[in-house]
Amino acid sequence: MLGESGVMRTPMLSCPGWLVCTGLLLATGAGQGASNARLPGWVCGNGAPPLFADGFEAGGQSYYSEPSNGSGGAFPGAQTGSVVVNGQPRSYYLQVPNGYPFAGPVPLLLALHGAGGPGTAPTAAANLRDDWAATAQTGKFIVVAPIASGSQGGWLPYADYPMFQAVLDDVAAHYNIDRSRIHGWGYSAGGHVMHDLALRTRPLDPVPDSDTFAAYGISAGVLPALVCDGSGQPSCASFLPQVARKIPVSLRVGTNDPYLAQVQADRNALLAAGWVSGSTLDYFVFDGGHIVDTFQLPSVWQFFCPFQRLPD
């Protein structure tokens, strides 16, 4: 059945662990496989870079990175890519900033659209890619926007979660991505999914998880849709404290959004579990309804940019 979340779910009565029934293992909270780190301020335009930081002379790489060293992808501007997942071709959209290739690897943003109804997913993905284009140009990062496979324009975890990983791998193979700086962002149903990806570890499944992302952001997405405090789920008060890595998260929601009260509750639950306001938790309420407010995207990137994921 398809609930208001825009994510296809197996009925709870027939399958208490819906991720198990859809073919993915139900994972626990984030494990010990990664940690948060902050980049030198100059990387995000705060202060002057040190000598050799331009990368053209010996010693130019002055901070940790995980370059994928991919090549062969088209650039710059709006592009379309494709992967094959479980024998099915899947298309996705991406945006490559002007000036690419740069001296070093670039960050990557996985952007997940909302559920708009039958036949809307391709346009929603393309629009979301375009919404992020100006910010990606300024921040010099690549945006990738997959297309949901649900009949109502929403996400199917058993089909789409493995597709996310295939898309990330495909982009990394064709462009020089810094794997320590992969960020996630989702709107509405895409936000529900991004919470689920970023707050769990799934070591036995080929899907992105908390060990993938440096930081993530949610626009009008909520924890009860897929993670905690929903029907058949653990309470956020019990689940979130078990998440070992407090992965930096940005929460944005409109003043007239029907999810406003729930996003506020999610913020409070994260704070109670160890996230820190102004540090690992960014929260903002903008004037508007259930929309992608493009004016918020540069601020979201400013929050993301300093963070990277370090392996333990």
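Quick look at the numbers
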| read-out | value |
| --- | --- |
| In nm, spacing of pseudo-spin labels at Ser151 and Ala103 (7 Å Cα→C-beta vector) | 5.4 |
| For segment 185-201 and segment 122-184, distance of Cα centres in Å | 13 |
| Calculated from backbone phi, Karplus (6.51, -1.76, 1.60) coupling profile of segment 217-222 in Hz, x at Gly/Pro | x, 10, 10, 6, x, 9 |
| Under-5 Å amide H pairs with Ile177, H placed in peptide plane, nonlocal only | Ser68, Asn69, Gly70, Val106 |
| Convex hull per residue volume in Å³, alpha carbons only, for segment 161-200 | 75 |
| Full-extension gain in nm, Ala173 to Tyr64, via 0.36 nm per residue minus C-alpha separation | 37.3 nm |
| Span-like helix ranges in the chain, DSSP H, alpha carbon extent 27 angstrom or more, Kyte mean at least 0.0 | none |
| Dipole-positive endmost among Ala111, Tyr216, Tyr187 within segment 68-311 (Cβ charges, Cα centre) | Tyr216 |
| Computed Rg/Rh of the chain, alpha carbon atoms with Kirkwood Rh | 0.95 |
| Cα gyration tensor shape for segment 206-312, rounded if a/c is under 1.5, else prolate or oblate | oblate |
| Ser210 long-range amide H proximity, modeled H, under 5 Å | Arg200, Thr201, Arg202 |
| Theoretical gain in end-to-end length, Ser231 to Phe295 [0.36 nm per residue, Cα-Cα removed] | 19.6 nm |
| Packing-based ranking, highest mean first, of 237-245, 222-230, 271-279 given that Cβ atoms within 10 Å are counted | 222-230, 237-245, 271-279 |
| For Ser250, residues with placed amide H under 5 Å, excluding near neighbours | Tyr216, Gly217, Ile218, Asp282 |
| Kirkwood-Stokes translational diffusion coefficient of segment 98-193, alpha-carbon pairs, 20 °C, 1.002 mPa s, µm²/s | 156 |
| Value of [θ]222 nm, deg cm²/dmol, for the chain, DSSP H segments ≥ 4, -39500 (n - 2.57) each, nearest 500 | -7000 deg cm²/dmol |
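Since every read-out is calculated from the coordinates, none of them should be taken as a lab result. Please read all numbers here as calculations on a predicted model, not as lab measurements. All Cβ positions, even for glycine, are placed from backbone atoms using ideal geometry, and neighbour counts span all protein chains on display.
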